[in-house]
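The values are calculated or read from the model by the stated rules, or taken from the named source; none is laboratory data. Values in this document were obtained by computation on a predicted structure and should not be read as measured data. Using ideal geometry, Cβ is built from the backbone for each residue, glycine included, and neighbour counts are taken over all protein chains shown.
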Amino acid sequence: MIVLGIESSCDETGIALFDTERGLLSHALHSQIAMHQEYGGVVPELASRDHVRRAIPLLTEALEKAQIAKHQIDAIAYTQGPGLAGALLVGASVACGLGMALDKPLIGIHHLEGHLLSPLLASEPPSFPFIALLVSGGHTQLMRVDAVGQYELLGETLDDAAGEAFDKSAKLLGLAYPGGPAISQLASLGDPDVHQFPRPMLHSKDLNFSFSGLKTAVLTAVRKYPNALSEQDKANVARGFVDAIIDVLVAKCQTAMKQTGLKRLVIAGGVGANRQLRASLNAAANAANPKKRFEVFYPELEFCTDNGAMIAFAGAMRLLAYPEQADKNYSFNVRPR
Ligand code: KG4
Ligand code: ZN
């Protein structure tokens with residue numbers, strides 16, 4: 001079965017073809033980051049219009065790369081939500097039109113399920129069950145994953161998402177959107193002993209997170225400098241922020257592993273691309289005490305942030321597990337929240 005995946009929930013248009021026999025055949029991506037950068041964040045109307053412009057050329061590119069014709073597609077998966085309503089509507093409309101024209105079924109995919117399953121696209125994927133840490137621009141969640149479609153929410157952020165905290169703190173330091181990668185790079189030049197920022201909810205026994213206080217601590221630190229911050233000052237603040245947020249993310253993962261007794265941890269979502277996070281998690285996973293050890297799995301770097309491959313893959317997995325979910329009514333329904 002060849003499944004076409006369409007992702008358009010935010011500022012990336014992603015199109016991919018996944019074959020349940022042969023694996024990922026191709027994927028094509030256009031990022032709108034450069035377009036939104038001058039506004040300091042994603043402008044929804046501009047995002048929708050750009051998805052309209054990109055969708056068909058990317059589809060052509062994906063088909064050419066995979067060397068298949070469009071009538072060979074067996075089903076079409078599209079991101080149903082959450083995301084920007086207008087942006088989601090573009091992907092859903094393309095899926096619907098194509099589905100009707102080719103007489104193929106559709107399946108709407110939850111964007112987070114796409115992220116959650118993306119590490120299974122790797123050459124050595126984890127087996128079920130596993131714990132997943134989902135850290136994106138909009139969400140921070142710990143989930144227990146027993147099978148495709150069997151997810152239990154163990155904890156989540158009570159306010160800002162991890163990616164949002166990265167982006168907002170980066171903005172306070174004058175870095176361009178999306179600030180996650182930039183603030184991390186700056187942090188590597190910073191002195192870890194200058195700023196000790198709070199580690200919100202580090203010692204709460206639950207698996208919830210809270211990052212808005214950390215962002216406020218960054219703001220307070222920035223305001224304490226009487227003059228403009230030097231590059232080194234900025235790097236020191238960045239270092240304090242990154243050390244704090246990563247300490248919390250790693251500690252909560254350790255608690256989740258301990259509480260559930262599972263031995264596999266999967267990291268998904270844009271913040272999963274973070275090098276410091278990966279280094280700290282790998283160190284935690286190789287704990288001196290063998291009882292505390294676990295394995296960590298990451299998606300390929302290109303599949304950490306939004307992409308079509310994870311939607312094609314999630315669609316294929318869902319259609320195999322729940323064939324009744326294939327929909328030929330073409331009455332698509334996007335769910336921004
Ligand atoms: O998963 P994603 O592409 O989109 C959402 O579904 O939100 O995640 C985007 C988020 C942004 O907040 C971005 O700053 C963050 O992931 N991000 C990073 C890194 N790469 C992307 N944060 C920290 N370090 C990175 N290397
Ligand atoms: Zn995402």
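Couple of notes before you dig in:
- Of the residues making up the stretch 160-178, at least one is within 16 Å of ligand 2 (Cβ to nearest atom), more than 22 Å from CYS253 (Cβ to Cβ) and surrounded by 14 or more Cβ atoms within 10 Å (Cβ to Cβ).
- Among the residues of the stretch 12-28, those that are out of contact with any Lys or Arg (no Cβ under 9 Å at 6 or more places or on another chain) and either under 19 Å from ALA95 (Cβ atoms) or assigned to a strand (DSSP E or B) (or both) comprise GLU12, GLY14, ALA16, PHE18, ASP19, THR20, GLY23, LEU24.
- Listed by first and then second residue, the pairs with beta-carbon distance under 7 Å, at least 6 apart or on different chains, first residue in the stretch 317-328 and over 11 Å from PRO105 (Cα atoms), second assigned to a helix (DSSP H, G or I), are MET317/LEU117; ARG318/GLN325.
- Boolean, PHE297 is of a type in the set (Phe, Trp, Tyr), within 30 Å of GLU7 (Cα to Cα) and within 16 Å of ligand 2 (Cβ to nearest atom): no
- Any chance VAL222 is on the phi < 0 side of the Ramachandran plot and within 16 Å of ligand 1 (Cβ to nearest atom): no
- Residue list for the stretch 26-39, filter: away from ligand 1 (no atom under 15 Å from the Cβ) and crowded, with 21+ Cβ neighbours inside 10 Å: ALA28
- Which numbered condition ALA284 misses (of (1) in contact with a helix residue (DSSP H, G or I) (Cβ under 6 Å, 6 or more places away or on another chain); (2) more than 16 Å from ligand 1 (Cβ to nearest atom); (3) in a loop (DSSP other than H, G, I, E, B)): (3)
- The residues on offer are ILE56, ILE73, ILE15, ILE68, and the sole one that is away from ligand 2 (no atom under 16 Å from the Cβ) and crowded, with 18+ Cβ neighbours inside 10 Å is ILE73.
- Number of the exception - GLY272 against (1) under 21 Å from THR140 (Cβ atoms); (2) surrounded by fewer than 23 Cβ atoms within 10 Å (Cβ to Cβ): (2)
- Which numbered condition ALA228 fails, given (1) away from ligand 1 (no atom under 15 Å from the Cβ); (2) at pLDDT 95 or above: (2)
- Residue in the stretch 302-321 that is aromatic (Phe, Trp, Tyr), within 16 Å of ligand 2 (Cβ to nearest atom) and not in a loop (DSSP other than H, G, I, E, B) present: yes
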